[in-house]
There are 2 protein chains.
Amino acid sequence: MSHPLGTRQAQKQRTRRALLDAALELLEEQSLGSLGLREVTRAVGIAPTAFYRHFRSVEDLGVALVGEALESLHPLIGTAVSATGDAEERIARAVESIAGHVDRYPAHMRFIVRERHGGVRAVREAIRDQLARFTEEVAKTLAEDPVSAGWSADDLLMLAQLYVDQMIATGCLFLEAPASAGTPVTTSEPGHGDRARERVARTAARRLRLISIGRLHWLDRPADEGTSGRGAAGVGTAG
Amino acid sequence: MSHPLGTRQAQKQRTRRALLDAALELLEEQSLGSLGLREVTRAVGIAPTAFYRHFRSVEDLGVALVGEALESLHPLIGTAVSATGDAEERIARAVESIAGHVDRYPAHMRFIVRERHGGVRAVREAIRDQLARFTEEVAKTLAEDPVSAGWSADDLLMLAQLYVDQMIATGCLFLEAPASAGTPVTTSEPGHGDRARERVARTAARRLRLISIGRLHWLDRPADEGTSGRGAAGVGTAG
DNA sequence: GATTCCGGAGAACAGTTGTTGACTGCATGG
DNA sequence: CCATGCAGTCAACAACTGTTCTCCGGAATC
C-alpha cells in the first residue's frame, strides 16, 4: 500500500520486478513473440504507457529475463559438475541439483527452454551467448577433474556442451513431469507427480552414466589413424 | 492459370499446400503462437475467410505441419542408425544424413526445433507424441545392432532418446551455421558457411563418438551393487 | 519552502486481429 | 442439362494491439 521503506528508486525497481514476474508467469502458457505489452501491464495493474518507463519493448524485457534466468543457473555448476565423490555419487548429485533448481525457478527454466529456439531473435542470441559463457565455465570446472587429464581444449568444450545440453533437457523433463503438488509434507502418498519425477530422475541418471562411461574411455586408443586426433572406437559391428 | 490436370480436389490440395508452405516460410522468423491467420492467407493471396476451408485454426495448421515434418524425418533412421560399417563410418554417415536433411527441409527442421517447446500446447504435444514414435523406431533399429546385445529394453530406449536428442541438436546447429549460399558448385572457395558447417560436423561427430564409446562399455560391470541393474562405473576420481 | 525530476495515468490514434453471414462462380454427379 | 456442393470472395463486426502526447502528484534536490 504505502511506501514504508526505501527511496523512490526502490519503488521503481519494485514495479520493474512486478513486470518481470508477471511476464514470466504469462510466458508459462505462451511464447514471448505473442506476449503483448498491454497484457503484461494489465497483469501488474498499471497503465500500458508506464511500461516504457522500464523497458523499450517486450523484446527488451525478454533480454532482461534471459539475464536473470541464466544467472540463477550459474551456482549449479558447483554442485552438479564438481569433482568430488565417485561417479555414481556425482551423477546423483547432478540430477538432484537440476531437480532442485526446477523446483525453485520453474518459470525461469521454462523460459529458457522455450525461448532458446523461439521466435524472437534478440532473445535467442542473448540465450546463446549467456549459455556459451556458462558452458565455458563448465569446461573450466571439468578441466580440474583428474578424469580430464590429457584432454584437448576442444574435446573439453565438446563435453561441456554435451553436459549443458543434457542439463537443459533434464530440466525440461522435470518441468513436463506432473507437478508433485504444492504440498511437500502433508501427505506421504507417492502421488502421480512423484512417480513421474523419479522416472525422470532415473532416466536422466542413466544418460549421465553413459556419458560418464564414454568419458572414461575417451582416450583409450590414443593414436590410431593419422588424422587429427581421437582414435576410432571401431569394434566389430559389421552387419 | 488453368486447371489442366486433376479434379477439383487437386486444386483444393494445392492451396492447402500453399497455406502450409507460406506458414512454414513465415515461421522462420517467428513462432506459431504469434502467427496470424490473415498473415498466412495474405502471403498465399487468398481471402482470410478461405482459410477456414482448410483448417479450423492456426493451431490446427500447426498440427498438420508437425505431421509432415516428422514424417520427412523418418527415412533418416535407415541411413543414420543402421548397423553397417565400423563405428567411425557410421558416425560420419549419421552426421552427413542430418546435414543433408537440413539442406533439404530447413523449414521443417526449424519448425520442429522451435515449436517442440513452443507456446502452443497442441503442437507441443503432437511433436512429443510423434517424436516418441520416432524414438521407439530408433530403439527397434538399435536393438538389431550386435553392440546392443544384453541391453535391457529400458536402456535401449534411453539410448534412443539420447540419439534423437542429439540428432535434433545437431540439426539445429546446422541450421544456425551460416548458409553455404545457394551456389553449390559455381565457386570452389570455402566461404564462411562451409567452414562453419564443417566445424559443426566435426563437433557433432565427436559427440556421437563419445556416446558410441559409452555404449561399448555400458555392460562392462554387469552386476556390482544389488539394486536394479546397471553397474556403477565408479572409478577413482575422488578430489 | 520552492523547484525540478520522473513514474505513472488518461485519452486518443491508426492498424491489426479472428470470426460471422450472405453471396458467387464453377466443377461435379445425377 | 440441370441441380447440388463447395472453394473462395466481400463486407462488416467488436476487440485488441503498440505508440504518442499531455498531464498529474509526490519524491528528491537545492
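Each reported figure results from applying straightforward, stated rules to the coordinates on display, with no laboratory input. This one's a predicted model, so the numbers in the text were calculated from it and none came from an experiment. We place every Cβ from the backbone using ideal geometry, glycine too, and count neighbours over all the protein chains shown.
Of A:ALA47, B:PRO75, B:TRP218, which is farthest on the positive side of the dipole of the protein assembly as shown, counting Cα position, with +1 on Lys and Arg Cβ, -1 on Asp and Glu Cβ, and the Cα centre as origin?
Going by the Cα projections, it comes out as A:ALA47.
What's the exposure ranking of B:HIS101, B:HIS74, going from fewest to most Cβ atoms within 10 Å?
Lowest count first: B:HIS74, B:HIS101.
Based on Cα coordinates alone, diagonalise the gyration tensor for chain A, multiply each eigenvalue by 5, take square roots, and list the semi-axes in whole Å, largest first.
The three semi-axes for chain A are 40, 22, 17 Å.
What gaps in nm, shortest first, separate B:GLU176 from its twins in the other copies when you place the label 7 Å past Cα toward the beta carbon?
Label-point separations across copies, in nm and ascending: 2.0.
Which of B:ILE168, B:ILE77, B:ILE213 ends up with the largest GNM mean-square fluctuation for chain B, with Cα atoms connected below 10 Å?
Per the Cα network of chain B with a 10 Å cutoff, B:ILE213 tops the list.
Please report, for B:ARG53, the nm distances (one decimal) from its label point, 7 Å out from Cα along the beta-carbon direction, to the equivalent points in the remaining copies, shortest first.
Here B:ARG53 shows inter-copy label distances of 5.2 nm.
Whole-Hz Karplus ³J(HN,Hα) for the range A:43-58, in order, using 6.51 cos²θ - 1.76 cosθ + 1.60 and θ = phi - 60°, x for Gly and Pro?
Once θ is set to phi - 60°, the couplings for the range A:43-58 become 5, 7, x, 10, 5, x, 5, 5, 4, 5, 5, 10, 9, 7, 6, 5 Hz.
Under unit Cβ charges (Lys, Arg +1; Asp, Glu -1), what dipole magnitude, rounded to 20 debye, does the protein assembly as shown have relative to its Cα centre?
1660
Residues in the range B:98-122, backbone N under 18 Å from the label point at B:GLU68 (7 Å along the Cα-to-beta-carbon vector): list them, ranges by number please.
Under 18 Å, as judged by backbone N against the label point of B:GLU68, lie B:101-115 of the range B:98-122.
Using θ = phi - 60° and the Karplus curve 6.51 cos²θ - 1.76 cosθ + 1.60, what whole-Hz ³J(HN,Hα) does each residue of the range B:105-114 get, with Gly and Pro shown as x?
Coupling constants for the range B:105-114: 10, x, 5, 4, 4, 4, 4, 4, 4, 6 Hz.
Let me know the charge dipole size of the range A:1-160 about its Cα centre in debye, to the nearest 20, where only the beta-carbon of Lys, Arg (+1) and Asp, Glu (-1) is charged.
1160
Please list, in order along the range A:7-14, the HN-Hα scalar couplings obtained from phi with the Karplus expression 6.51 cos²θ - 1.76 cosθ + 1.60 (θ = phi - 60°), rounded to whole Hz, x for Gly and Pro.
Computed from phi, the couplings for the range A:7-14 are 7, 7, 4, 4, 4, 4, 5, 5 Hz.
Using only helices, what value at 222 nm comes out for chain B when you add -39,500 (n - 2.57) per DSSP H run of length 4 or more and divide by the total residues, to the nearest 500 deg cm²/dmol?
One gets -21000 deg cm²/dmol as the mean residue ellipticity at 222 nm.
Within straight cross-link reach of A:LYS12, meaning Cα distance under 19 Å, which aspartates and glutamates are found once same-chain residues fewer than 8 apart are removed?
Within reach: A:ASP21, A:ASP60, A:GLU68.
Which FRET efficiency value, to the nearest 0.05, is calculated for A:GLN13 and A:ARG42 with the Förster distance at 22 angstrom and r the Cβ-Cβ distance?
0.60
In a Gaussian network model over chain B where Cα atoms closer than 10 Å are linked, find which of B:LEU210, B:LEU156, B:LEU26 has the largest mean-square fluctuation.
Taking springs between Cα atoms under 10 Å, the residue moving most is B:LEU210.
For the charge dipole of the protein assembly as shown, defined by +1 on Lys and Arg C-beta atoms and -1 on Asp and Glu C-beta atoms about the Cα centroid, which residue among A:HIS192, B:SER31, B:HIS101 has the Cα displaced farthest towards the positive pole?
Farthest towards the positive end: B:SER31.
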